[in-house]
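Just below is one structure, and these are the notes that go with it.
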């Protein structure tokens with residue numbers, strides 16, 4: 001099987017690719033130290049020229065999202081750089097070497113910059129693999145509000161020469177009306193919302209392709225889309241890094257993007273043997289936001305062999321769960337610290353546990369809370385706190401004092417991520 005590629009880099013000899021990536025590492029480390037104060041501090045003892053191999057890269061510390069958040073919070077509390085010193089781009093007054101095009105807020109809150117380069121998150125590669133082409137009209141139902149998801153997809157589609165309808169989230173009836181009126185060729189968004197739209201349409205729509213992210217899309221759901229004329233593909237991306245890997249028509253794992261270096265690491269932050277499950281750690285070659293060895297918290301494993309489409313980059317098996325208690329619910333990360341914040345906002349709660357259930361891209365959150373004197377007023381306040389802190393709706397289930405396990409777990413993800 002061979003499928004059209006975006007450019008020749010996708011089919012180059014693996015040794016050529018590896019040599020190019022390793023050759024780029026010393027300059028990336030040097031730029032990070034020069035343009036990012038936090039990276040200069042973290043890498044103070046590192047000689048940039050010496051980081052020219054995967055072994056040398058593996059000696060650098062892993063930066064995890066909670067570390068990034070803590071650094072940002074501390075800097076903001078002191079009236080300093082809202083990026084915590086990790087960004088090399090910003091705006092007047094921050095003293096950063098380059099201008100940012102946009103700034104986004106993810107739950108935490110965690111702030112992410114967008115540099116000035118076209119298709120800064122490199123999403124055009126995943127869209128192209130999913131069949132999107134110049135002249136297509138793309139219905140983008142990722143959020144354009146606060147978080148970067150909508151912009152990530154839009155920038156990639158524009159780079160391909162597509163036209164974009166910025167649907168955003170919610171307003172299902174209006175979005176469905178737009179699909180009927182405008183007859184888009186493709187859809188970008190979560191699989192859950194696409195399923196809702198197709199169910200409510202009551203008949204065929206013009207959509208023939210989709211690039212999905214933010215939630216799991218199991219094979220049964222992919223087949224459900226195909227039965228309704230939509231060829232759906234998945235991609236793996238984060239607000240911090242952009243595109244990490246993408247699905248191809250071969251349907252065999254996800255091919256790594258050309259603009260990242262990916263390691264699969266164990267609990268000691270060292271790379272594991274090929275095929276073993278570990279945390280996905282990514283080094284981005286983006287000079288505007290130079291994240292080196294960024295720990296995503298996601299689990300995956302390298303899939304041996306090459307993609308039957310002719311793409312020669314490494315493949316991973318896709319998302320296989322989380323390395324910590326963090327859960328991804330309806331496209332949004334929910335962190336243990338957010339559960340703690342809900343408790344802080346709602347006096348009267350004792351031990352709590354957020355239980356996540358669901359299947360087929362339909363997730364539900366229920367906060368199980370011990371409370372000596374529960375009432376409907378407190379239930380309403382807790383539900384409001386859940387919505388404000390996580391940006392998601394959740395139910396509240398009262399438990400008697402001492403009934404929840406005292407094991408330190410704040411999030412219990414009971415979904416099957418096989």
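The set of residues in the stretch 283-294 that are more than 21 Å from residue 103 (Cβ to Cβ) and outside any loop (DSSP other than H, G, I, E, B) contains only 283.
Within the stretch 283-292, does at least one residue satisfy the condition of being farther than 30 Å from residue 118 by Cβ and crowded, with 18+ Cβ neighbours inside 10 Å? No, that holds for no residue.
Residues satisfying the criterion are present in the stretch 247-262 (criterion: on the phi > 0 side of the Ramachandran plot and in contact with a strand residue (DSSP E or B) (Cβ under 6 Å, 6 or more places away or on another chain)). Within the span defined as the stretch 66-79, every residue fails to be touching a strand residue (DSSP E or B) at 6+ places or on another chain (Cβ under 6 Å), buried (at least 17 other Cβ atoms within 10 Å of the Cβ) and either free of Cβ contacts under 8 Å to residues at least 24 places away in the same chain or part of a strand (DSSP E or B) (or both). The residues in the stretch 97-111 that are in contact with a helix residue (DSSP H, G or I) (Cβ under 8 Å, 6 or more places away or on another chain) and closer than 12 Å to residue 391 by Cα can be counted, and the count is 2. Counting just the residues of the stretch 83-96 that are within 29 Å of residue 159 (Cα to Cα) and touching a helix residue (DSSP H, G or I) at 6+ places or on another chain (Cβ under 6 Å), which one comes out surrounded by the most Cβ atoms within 10 Å (Cβ to Cβ)? Looking at the filtered set, the residue picked out is 86.
Here is a yes/no grid of residues against (1) farther than 27 Å from residue 170 by Cα; (2) surrounded by 13 or more Cβ atoms within 10 Å (Cβ to Cβ):
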| position | (1), (2) |
| --- | --- |
| 351 | yes, yes |
| 357 | no, yes |
| 366 | no, yes |
| 371 | yes, yes |
| 380 | no, no |
| 384 | no, yes |
| 395 | no, yes |
| 399 | yes, yes |
| 403 | yes, no |
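Evaluating residue 170 against the criteria (1) more than 24 Å from the chain's Cα centre (by Cα); (2) within 17 Å of residue 151 (Cα to Cα) leaves one unmet condition, (1).
Take the residues in the stretch 197-214 that are touching a strand residue (DSSP E or B) at 6+ places or on another chain (Cβ under 7 Å) and in a loop (DSSP other than H, G, I, E, B); name whichever of them is nearest to residue 138 (Cα to Cα).
Within the stretch 197-214, the match that is nearest to residue 138 (Cα to Cα) is 207.
Summed over the stretch 35-65, the residues that are surrounded by 15 or more Cβ atoms within 10 Å (Cβ to Cβ), in a helix (DSSP H, G or I), in contact with a helix residue (DSSP H, G or I) (Cβ under 8 Å, 6 or more places away or on another chain) and free of Cβ contacts under 8 Å to residues at least 40 places away in the same chain give a count of 2.
Each reported figure results from applying straightforward, stated rules to the coordinates on display, with no laboratory input. Predicted model, so just to flag it, every value in this text is computed and none were measured. Every residue, glycine as well, gets a Cβ built from its backbone with ideal geometry; the counts of neighbours run over all protein chains shown.
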